[in-house]
Amino acid sequence: MNRIFTEVLKSVLGFTRCQHLKIHHPGFLKRYASSSAAKRTCLYDFHCKNGAKMVPFGGWEMPVMYAQQGVTTSHLHVRSEVGLFDVSHMLQTKFTGKDSVAFIESLVVGDVEALKENQGTLSLLTNTKGGIIDDLIVSKTNQGYIYVVSNAGCAEKDLAHIRSNLAVSQKKGMDVEMEVIDNGLLALQGPKMAQVLQTGMDFDLTTLPFMTNTLTTVFGIPDCRVTRCGYTGEDGVEISVPADRAEELASALLASDAAKVCLAGLGARDSLRLEAGLCLYGNDIDEDTTPVEATLLWTIGKRRRAEGNFPGADIILQQIKDKPKSKRVGFVSSGPPARAGTVVYDETGDRVLGKLTSGCPSPSLSKNVSMGYLETPFAKNGTNVKFEVRKKLIDATVSKMPFVPAKYFT
């Protein structure tokens, strides 16, 4: 294994030694696997047939990489060509009824009412203390329902939270129902995504800008919801497909003559999202982190700020006025890579300023990238700091994110 491959695996999986993908870190299973047997997506057999190395992640058995490509090669292939990810472990739900928008807005910070039909937005499910329960994509559809995709690792607590609030709202007379969508979910990501997908669609992809969606037929499979979004910073889509036809769709995409499509796993997904400056829930944001601290203030709609009627609004709005004590920033460094938990010092190495929440070598930039929380007065881009790595202080610099420019189709 090369250095980048090993370090990316350490970043995404949290173990300290890699050998034949056996787990040596004692906290690994506790951190990522559920107490019951790990669940499998509708593409589990497909992954195994294609040489996937499977690991427990968020209570699911998921591919970390494939025999055909290592993590670094897979990462760079997504940046230059197109990669296919199985994200079927993520929770998909829909909300119906004339009060569905009002109900969703009682839980999240976003202005869902302002969305046009078939438009979506990243939003945050917050608690009464202003903390982030989960980050999710909320979309309006022209079928009259709200479509939501949220993190697999948060599925159980999200459903419990939503169902509890749903029962209260229904007792108050609100017309709203929730349904869990048992579909597969495929993410096709990379600069040649549209060339590949267009060959299997009658729908014109040039009319589908970033964060919009459509219900259509893809490679002969009806009832697929295609959303132009993703977790890599590249142009891409996520395709919600009936579970019993997910393998058929994956195979069709891999067989495309328009560009070389390669399967990609958790290893590449983590390094790609970090280069894109995107948060990993449970690492970079959690229930003790506010949107202001996480520099996700843009997710709070202007109307929502004015009305101040989302969970934790009093704390969040006050924090906007006063500025948070610390905030999420990016860093670049050289030398040994710094990962989550690394302590950050000031330039002299005398004062602790914060700590990292994610970090790995960047395959695209050939240097180390990371993100974490820093005392706000020191969070300006270009500020020199020190990381404590292997009991030594190394140089690092606060850097603008994303580290690799976003290429969303707008």
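Modelled this way, with points 7 Å down the Cα-to-C-beta line, the labels at GLN119 and ASP350 are 5.3 nm from one another. Annotation for region 99-169: trypsin sites (Lys or Arg not before Pro) lying in DSSP loop with at most 10 further Cβ atoms inside 10 Å of their Cβ are LYS116. DSSP bridge analysis restricted to the chain gives an antiparallel fraction near 95%, rounded to the nearest 5. Could you tell me which of PHE219, ALA250, TYR231 has its Cα farthest along the dipole of region 181-263 towards the positive end, charges placed at Cβ (Lys, Arg +1; Asp, Glu -1), taken about the Cα centre? Value computed over the given set: TYR231. Which is farthest toward the positive dipole end of the chain among THR206, THR376, LEU274, measuring Cα position about the Cα centre, with Cβ charges +1 (Lys, Arg) and -1 (Asp, Glu)? Final value for the positive-end residue is THR376. The dipole here belongs to the chain: it is taken about the Cα centre, uses +1 on the Cβ of Lys and Arg and -1 on the Cβ of Asp and Glu, and is about 1300 debye. Of the residues VAL108, VAL148, ILE133, the one whose Cα sits farthest towards the positive end of the charge dipole of the chain is ILE133 (charges of +1 on Lys and Arg Cβ, -1 on Asp and Glu Cβ, taken about the Cα centre). Radius of gyration over Kirkwood radius for region 168-236, both on Cα atoms: the Rg/Rh ratio is 1.12. For the chain, set up a GNM with springs between Cα atoms under 10 Å and report which of ASN165, ASN213, ASN183 has the largest fluctuation. Ranking ASN165, ASN213, ASN183 by mean-square fluctuation puts ASN165 first. Across the chain, C-alpha contacts under 8 Å between residues 6 or more apart give a mean separation that, scaled by the residue count, equals a relative contact order of 18 percent.
What the Cα convex hull of region 102-216 gives, in volume per residue, is 130 Å³. For a paramagnetic label modelled on LYS321 (point 7 Å from Cα along Cα→Cβ), amide N atoms under 20 Å away belong, within region 107-129, to 128-129.
Remark: the Cα gyration tensor places region 262-327 in the prolate category, a/c being 1.5 or greater and a/b exceeding b/c. Kindly identify region 325-410 as rounded, prolate or oblate by the Cα gyration tensor criterion: order the square roots of the eigenvalues as a ≥ b ≥ c, call it rounded if a/c is under 1.5, otherwise compare a/b with b/c, prolate if a/b is larger, else oblate. It comes out oblate by the Cα gyration axes. For the options HIS161, HIS89, HIS77, a Gaussian network treatment of the chain with springs between C-alpha atoms closer than 10 Å singles out HIS161 as fluctuating the most. As a test of the formula, what do you get for the chain when each DSSP H run with n ≥ 4 contributes -39,500 (n - 2.57) and the sum is divided by the residue count, at 222 nm and rounded to the nearest 500 deg cm²/dmol? Helix-only estimate at 222 nm: -6500 deg cm²/dmol.
Mind jotting down the distance between the C-alpha centroids of region 126-183 and region 242-280, whole Å? Here the two parts' Cα centres lie 26 Å apart.
Any read-out appearing in this document is the output of simple, stated calculations on the displayed coordinates, not a laboratory observation. It should be emphasised that the depicted structure is a prediction, and the values quoted were computed from it without experimental measurement. So basically every Cβ, Gly included, is an ideal-geometry build from the backbone, and we count neighbours across all protein chains shown.
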